[in-house]
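*Asks:* Sharing a structure with you now.
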Amino acid sequence: MKSRKLKLNTTLRQPTELASHGLVPVADLSDLQKVAARYAISVTPAVAALIDPNDPDDPIARQYVPSAAELVAQADERPDPIGDDVHSPVSGIVHRYPDRVLLKVVHVCAVYCRFCFRREMVGRGRPTTLSEGAYENALAYIRAHSEIWEVILTGGDPLMLSPRRLKQIMTDLAAIDHVRIIRIHTRVPVAEPSRITGEMVAALKVKGATTWVALHANHVRELTKPARAACAAMVDAGIPMVSQSVLLRGVNDDPATLEALMRGFVECRIKPYYLHHGDLAPGTSHLRTTLENGQNLMRALRGRVSGLCQPEYVVDIPGGHGKAPAGPTYLSRVNSFSPESEQASQTRYRIVDYCGEVHLYPPET
Ligand code: SF4
């Protein structure tokens, strides 16, 4: 069937609106109303334009359009899958690692990803931003902890703030001597690129701290011309960018799709940073794949693209224990017989090359 693209001038937030544009079957509406009562929905015109409503497996729709499968929760899934709450000393702050904190200033996003690990905390029924009092407390916490070198603005999506508010937050943080890095995690350049105006880019630059921006995208089709232009505006302004992606079943869990995505990032001057294993967020099992599959994909990627295009495959340990690298290992120790040295056995290293062939590396003498 011929592909069809949607041209909208408004964001879709209700299942009935999705149905009237052919993005969900009318027969699913009753289930989708239950999904909508629990999790926020938002499909922006920029995202809708990427979806082919005639393709039931469209990789963009799978990320943003709700499904009745979200009503099915698995026993291991949990509302706070990466354990933010146990590391939250004051409202808005997550202090999991010694030298950095998350600062969650805003609780809304341009789009609501169906696999979101904070799906219980963003969107529906939440205040839009941190209250002024809570924000001052969070700043006081950062000021009082001189080990905090990096502040990561997340949420929600910090680029949903007005440039004026964002500038104020950046200025407040940069005024703290020990805060040297401010990192912003965002999906806005993909989901609503028109928000990346000159004023927004100017708001990101601040004296006293270095700004990094981490772009969240999971499929190369999300790197549209406007999205690439939005990223170029930030990079041209001297803001370094990294990527983060989530490994998602039916979206990017094959080598060619991952390869195209990583090449797309590098073409945009964005260094691939993280490929996250899908977190155990409620109702997301239909979008997760296995850790073993993730490792196989990382092996395949190593054979296809340069180191510049390699992200680190990571899994967040449930309960708040942080991220762990989850990629395949290429080096192990083995005992091997060595007739030349007349030794019964010798410890060597076993190394696997990018084609999967095994080689022995001599021991240190
Ligand atoms: S943009 Fe980030 S925080 Fe917002 S719904 Fe998507 S994954 Fe969650």
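The values are calculated or read from the model by the stated rules, or taken from the named source; none is laboratory data. Just so you know, these numbers come straight off a predicted model, no measurement behind them. Cβ: placed from backbone, ideal geometry, glycine included. Neighbour counts: every protein chain shown. With ligands, DNA and RNA removed, areas are computed over all heavy atoms of the protein, side chains included. Shrake-Rupley method; radii C 1.70, N 1.55, O 1.52, S 1.80 Å.
*Asks:* What residues of segment 56-84 lie in the reach of a label at residue 321, counting those whose backbone N is under 20 Å from a point 7 Å from the Cα along Cα→Cβ?
*Replies:* Answer for segment 56-84: 75-84.
*Asks:* Rounded to the nearest 5, what % of DSSP beta bridges with both residues in segment 48-166 are antiparallel?
*Replies:* The antiparallel fraction comes to roughly 45 percent.
*Asks:* Additional query: Distance between Cα centroids, segment 76-130 to segment 1-75: provide it in whole Å.
*Replies:* 24
*Asks:* Hey, another quick one. Using only the Cα atoms of segment 1-145, build the gyration tensor, take square roots of its eigenvalues as a ≥ b ≥ c, and label the shape rounded, prolate or oblate: rounded if a/c is under 1.5, else prolate if a/b is larger than b/c, else oblate.
*Replies:* prolate
*Asks:* Within segment 118-139, whose backbone N sits under 16 Å from a point 7 Å along Cα→Cβ of residue 71?
*Replies:* Residues passing the 16 Å test: none.
*Asks:* Can I ask one more? From the cross-link list 5/271; 34/104; 7/225; 207/271; 167/323; 7/271, which pairs have alpha carbons spaced over 20 Å apart?
*Replies:* Pairs exceeding the cut-off: 5/271; 34/104; 207/271; 167/323; 7/271.
*Asks:* Whenever you get a sec, line up 212, 149 from highest to lowest accessible area (probe 1.4 Å, protein heavy atoms).
*Replies:* Result of the area sort, largest leading: 149, 212.
*Asks:* Sorted by accessible area with a 1.4 angstrom probe, largest first, how do 353, 84, 236 fall?
*Replies:* So the residues, ranked largest to smallest area, are 236, 353, 84.
*Asks:* Using a 1.4 Å probe, how large is the accessible area of residue 267, given in Å² and rounded to the nearest 10?
*Replies:* Solvent-accessible area, nearest 10 Å²: 120 Å².
*Asks:* Mind grabbing the accessible area of residue 349 for me, 1.4 Å probe, Å², rounded to tens?
*Replies:* Here the accessible area works out near 60 Å².
*Asks:* Let me ask you something else. Taking a probe of 1.4 angstrom, what is the accessible area of residue 355 in Å², to the nearest 10?
*Replies:* Here the accessible area works out near 90 Å².
*Asks:* Still on this structure: Subtract the Cα-Cα distance of residue 345 and residue 331 from 0.36 nm times their separation in residues, and report this length gain in nm to one decimal.
*Replies:* Here the answer is 3.2 nm.
*Asks:* Using only alpha-carbon positions, what ratio does the radius of gyration of the chain give when scaled by 2.2 N^0.38 Å?
*Replies:* Taking N as the residue count of the chain, the ratio is 1.08.
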